[in-house]
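A quick write-up on the structure given underneath.
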Amino acid sequence: DGGGGDRGRGGDDGGSGGGASGKRPWWEEEEEASGKRQVTSWGQDDVGRSAVKRLQAACRARPPDVAAARAAAVDVGAAAASLRGNDSAAALQALAKLPGGAEEDSAEAALRAHLAEQSVAAGLDPCGVANALWALGRREAEDAAALLGLLERRLHELAGQCNPQDVANALWAFAKLRWTPRPATWGALAERLGAIALQLKAQELSIALWSIATLNLEVSPSLSTAMQSATLEGVWWFQAQSVANSLWALGRLASADVAPIEVRHDLVGALAEQAAIEKARFSPQGLANTFVGLVQLGASAEQVAPLAEAVWPDTLGSVDVGEIAWALGRVPSGGPGWPLLLRRASSLASAGELDWQALGRLDFALRALGGGGAGGGEGEGEGAGRPPAASSSSSSASRRPAAPGRGGFAERQARRVFEERARQAVEEVNASRGALHEGSEEVLLGCGAEGPTGADLPSGARVLLVDDPGGGRLAAALRERGLRISRWCRFARGPSGAGAAASPERRAGGQLFDAAVVRLPATKAALDLALAALAPLLAVGAPLWIYGARSEGALSAKAALREPAFVGARTAVTRGGFAVAKASRSGTSVDEFALSAHGERVRLEVEARKLKWLVYPGLFAGGTLDIMTKLLLEALPAPPAGARILDFCCGSGAIAAAMGLRAEDARLHLLDADAVALEAARANVPQAKKLFLSDAWASVPESTTYDWILSNPPVHLGLQCDFTVLTALLAGGPPRLRTGGALYLVAQTYVPVGLLAPEASSAWTDGRFTVWRLPPSATPRPTAGGSEG
């Protein structure tokens with residue numbers, strides 16, 4: 001969020017190393033020192049333990065003896081099943097330091113399988129758990145969910161015995177794997193962390209903070225006090241990486257949406273002073289994280305100035321440039337580093353190396369520092385100067401971009417380069433979405449007997465395709481096999497949006513489908529709803545396939561194919577970055593699908609009123625008013641009398657409902673591509689004059705014009721980015737505005753709205769979110785078509 005984005009950057013120095021130092025568990029050392037421990041933990045006559053010892057020795061060598069380590073790895077893998085759990089964890093940790101290869105992969109697979117046995121995991125001590133977790137984190141082994149679950153449970157049991165290194169390594173591993181521990185586990189770890197905070201070394205402290213912030217874990221006041229006190233006491237020992245991690249983490253925790261922490265001013269000052277001392281030693285990423293953290297924590301211009309005076313290396317990458325630019329945009333005058341940073345950013349943009357988030361942050365900085373776009377004027381826009389109360393930013397006060405024309409020649413030149421690169425960047429993102437579907441479809445069609453084209457289906461069998469966005473390739477392949485195709489699309493696609501519906505239709509005569517193929521939806525809730533709708537339409541034994549990209553969550557799809565409706569769920573094929581899940585319809589009867597049975601009635605607080613509200617699974621924000629919609633509503637001026645207002649991408653209708661409460665004479669239109677969302681909106685905004693089930697503007701008559709178009713447009717579909725909706729809104733919205741009308745939209749500041757639409761002005765921004773205002777196109781529509789409501 002803000003400058004740091006949602007990337008969880010920092011902390012990539014490998015944690016505090018698991019058993020990297022070769023130390024035995026601390027209690028073994030204490031027992032040996034006190035005379036209570038008379039034997040080592042290694043049996044020299046044990047082949048497996050001897051192999052582990054050889055592996056560790058080879059990995060500790062400087063440089064590591066890779067050949068000897070790989071030879072030992074073969075022996076370790078062969079003996080894995082006979083090892084103690086702690087020995088297996090130590091071996092796994094040692095292997096994780098190697099670059100990877102056939103020997104390491106084989107041994108690691110054997111060790112993971114051994115540790116995944118409940119009896120083995122239950123015998124691990126704290127160091128063993130931490131070593132195993134560290135190894136999984138180092139390998140980013142996101143496919144080891146079962147083992148991670150066992151290790152987390154054991155960690156919960158042992159939390160009170162963990163030493164500082166154990167806690168830091170466990171948290172680091174969870175953060176690297178994006179594995180959010182259960183509340184009970186985090187509660188136990190947090191209690192232990194608070195008790196031993198003063199014992200943590202500098203690296204352990206910064207890694208623990210970075211991990212907590214990356215996972216968005218809630219920090220209690222007592223833990224916050226303990227961690228800040230420990231950081232303040234040890235800050236003078238912090239090297240550059242620890243300073244960067246700590247500042248980035250504290251800034252993120254201080255601006256959290258839920259339970260933000262209060263960071264001590266003296267700690268911010270001490271970290272800023274240490275950052276100035278270490279400024280020549282920062283990596284590009286560390287420099288960016290330090291800037292962002294200081295600005296989010298409200299550091300003064302004087303505290304940030306030493307960093308702005310640092311030498312700006314040509315090695316700054318896209319993300320680093322964007323985040324430093326965002327931070328400089330929050331500092332008056334930007335500091336002496338701004339011209340050099342702008343030059344580096346222009347060079348990266350010209351080479352096609354700036355990503356869209358960096359471009360959005362650069363646009364924010366340009367506007368803030370005087371290089372604003374055509375519409376970036378100070379005080380411009382009816383909502384100017386009203387900072388929304390909903391803002392959760394704990395950094396400096398909200399700022400509006402500077403007036404246009406104040407930027408010098410370098411800024412104007414850079415803006416032209418950035419605008420061109422922004423258009424390219426979003427086209428690349430949109431193209432990558434298409435490539436994901438093509439790759440998913442390719443794997444599905446190429447998986448032989450495991451897939452629908454090779455399945456044992458008789459000629460004439462009826463197959464239901466669900467949310468297939470392709471150009472008909474899948475359907476054509478199935479027809480070639482003599483199969484008959486039906487479709488159900490929840491989302492409108494293309495000019496007509498034909499076939500889009502909230503639920504599938506049963507075949508004529510009540511006949512059941514012989515198979516179904518589902519393109520993986522964007523969210524788990526949407527997949528569950530689709531499967532609930534499909535189950536009663538499938539014949540007993542009918543196969544069902546779910547296909548998609550691993551980056552979309554395809555490896556988790558089999559978990560949705562649950563009994564009693566489905567049996568035999570498994571991941572049938574994984575190839576490259578794609579996967580296909582498969583199951584069969586069980587013989588158990590299930591209830592007929594009714595969308596209304598899946599709805600939930602809640603109370604939505606809008607305009608200081610609690611409205612009865614209908615939501616369905618998978619709809620954005622559920623039954624709450626998300627922070628971005630809230631900011632948009634609070635930044636808006638009073639609507640024009642009798643205005644026709646379009647809620648574009650309406651979801652369940654919150655924006656339209658708010659407008660209806662503000663102006664009873666408003667004529668409300670709602671548009672969404674999601675048929676389920678539109679059903680909810682129909683119930684929630686009964687006074688709406690029109691509802692469009694439409695892929696962007698496809699179903700809206702060109703003659704229909706608006707006084708206002710309002711939107712919180714999606715730029716993410718599940719785990720993937722997608723700009724098709726935003727670009728359609730920016731291109732098609734202004735031509736549909738009446739004279740004097742306006743399009744208002746809200747987006748994260750790192751979304752490059754101002755570069756994609758240079759005529760846009762910022763109605764309000766706090767550096768984290770921006771409410772944009774676009775005027776009518778050069779030839780606005782007259783007030784026409786008023787009779788249609």
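Annotations for the structure displayed:
- In segment 46-83, the residues that are more than 38 Å from the chain's Cα centre (by Cα), closer than 16 Å to N131 by Cβ, in contact (Cβ under 8 Å) with a residue 24 or more places away in the chain and open to solvent by 40 Å² or more (accessible area, probe 1.4 Å): R49
- Condition met for D87 (open to solvent by 10 Å² or more (accessible area, probe 1.4 Å) and either without any contact (Cβ under 8 Å) to a residue 40 or more places away in the chain or touching a Phe, Trp or Tyr at 6+ places or on another chain (Cβ under 9 Å) (or both)): no
- Filter result for the condition that a residue is more than 17 Å from L474 (Cα to Cα) and assigned to a loop (DSSP other than H, G, I, E, B), over P458, P452: P458
- Top-ranked residue of segment 284-328 - restricted to ones that are of a type in the set (V, I, T) and assigned to a loop (DSSP other than H, G, I, E, B), ranked as farthest from L267 (Cα to Cα): T315
- The set of residues in segment 107-158 that are basic (K, R), free of Cβ contacts under 8 Å to residues at least 40 places away in the same chain and over 14 Å from N86 (Cβ atoms) comprises R112, R153.
- Hits in segment 534-548 - residues which are in contact with a helix residue (DSSP H, G or I) (Cβ under 8 Å, 6 or more places away or on another chain) and of a type in the set (G, A, S): G548
- Pair list, Cβ under 8 Å, 6 or more apart: segment 410-432 residue hydroxyl-bearing (S, T, Y), other residue surrounded by 16 or more Cβ atoms within 10 Å (Cβ to Cβ) and assigned to a helix (DSSP H, G or I): none
- Evaluation of G187 against (1) in contact with a helix residue (DSSP H, G or I) (Cβ under 8 Å, 6 or more places away or on another chain); (2) within 21 Å of L124 (Cβ to Cβ) (one fails), failing number: (1)
- Residues in segment 155-211 that are surrounded by 19 or more Cβ atoms within 10 Å (Cβ to Cβ), hydroxyl-bearing (S, T, Y) and within 21 Å of the chain's Cα centre (by Cα): S211 alone.
- Options A91, A73, A80; residue that is in contact with a helix residue (DSSP H, G or I) (Cβ under 7 Å, 6 or more places away or on another chain), in a helix (DSSP H, G or I) and closer than 22 Å to D166 by Cα: A91
Let's see how each residue does on (1) open to solvent by less than 30 Å² (accessible area, probe 1.4 Å); (2) under 34 Å from the mean Cα position of the chain (by Cα):
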| residue | (1), (2) |
| --- | --- |
| G439 | yes, yes |
| L474 | yes, yes |
| R487 | no, yes |
| A508 | no, no |
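- Failed item in (1) part of a loop (DSSP other than H, G, I, E, B); (2) farther than 26 Å from A501 by Cα, with K610 passing the rest: (1)
- Failed item, numbered, when W488 is tested on (1) in contact with a Pro (Cβ under 6 Å, 6 or more places away or on another chain); (2) touching a residue at least 60 places away in the same chain (Cβ under 8 Å); (3) not in a helix (DSSP H, G or I): (2)
- Of the helices (runs of 4 or more DSSP H) lying entirely inside segment 214-280, those containing at least 3 residues that are at pLDDT 95 or above, open to solvent by less than 10 Å² (accessible area, probe 1.4 Å) and closer than 25 Å to F174 by Cβ are 221-234, 240-254.
- The residue that is farthest from the chain's Cα centre (by Cα), counting only those in segment 446-472 that are of a type in the set (A, V, I, L, M, F, W, C), open to solvent by less than 30 Å² (accessible area, probe 1.4 Å) and farther than 23 Å from S503 by Cβ, is L457.
- Test set (1) surrounded by 14 or more Cβ atoms within 10 Å (Cβ to Cβ); (2) in a loop (DSSP other than H, G, I, E, B) - G494 fails condition number: (1)
- Of all residues in segment 409-458, those satisfying the criterion of being among the small types (G, A, S) and within 27 Å of L369 (Cβ to Cβ) are A410, A414, A422, A425.
- Among the residues of segment 94-134, those identified as open to solvent by 40 Å² or more (accessible area, probe 1.4 Å), over 19 Å from G149 (Cα atoms) and assigned to a helix (DSSP H, G or I) are A102, E103, D105, S106.
- Taken together, the residues in segment 510-547 that are within 22 Å of D695 (Cα to Cα) and either surrounded by 20 or more Cβ atoms within 10 Å (Cβ to Cβ) or of a type in the set (S, T, Y) (or both) amount to 10.
- Test: residue in segment 551-569 that is crowded, with 17+ Cβ neighbours inside 10 Å, at pLDDT below 95, among the basic types (K, R) and under 21 Å from the mean Cα position of the chain (by Cα): no
- Number of positions in segment 740-777 that are part of a strand (DSSP E or B) and either touching a Gly at 6+ places or on another chain (Cβ under 6 Å) or among the aromatic types (F, W, Y) (or both): 8
The values are calculated or read from the model by the stated rules, or taken from the named source; none is laboratory data. Computed from a prediction, not measured in an experiment: that's the story for all the values here. All Cβ positions, glycine included, derive from the backbone under ideal geometry; neighbour counts span all protein chains shown. Surface areas here come from the heavy atoms of the whole protein model, side chains and all, with no ligands, DNA or RNA. Shrake-Rupley method; radii C 1.70, N 1.55, O 1.52, S 1.80 Å.
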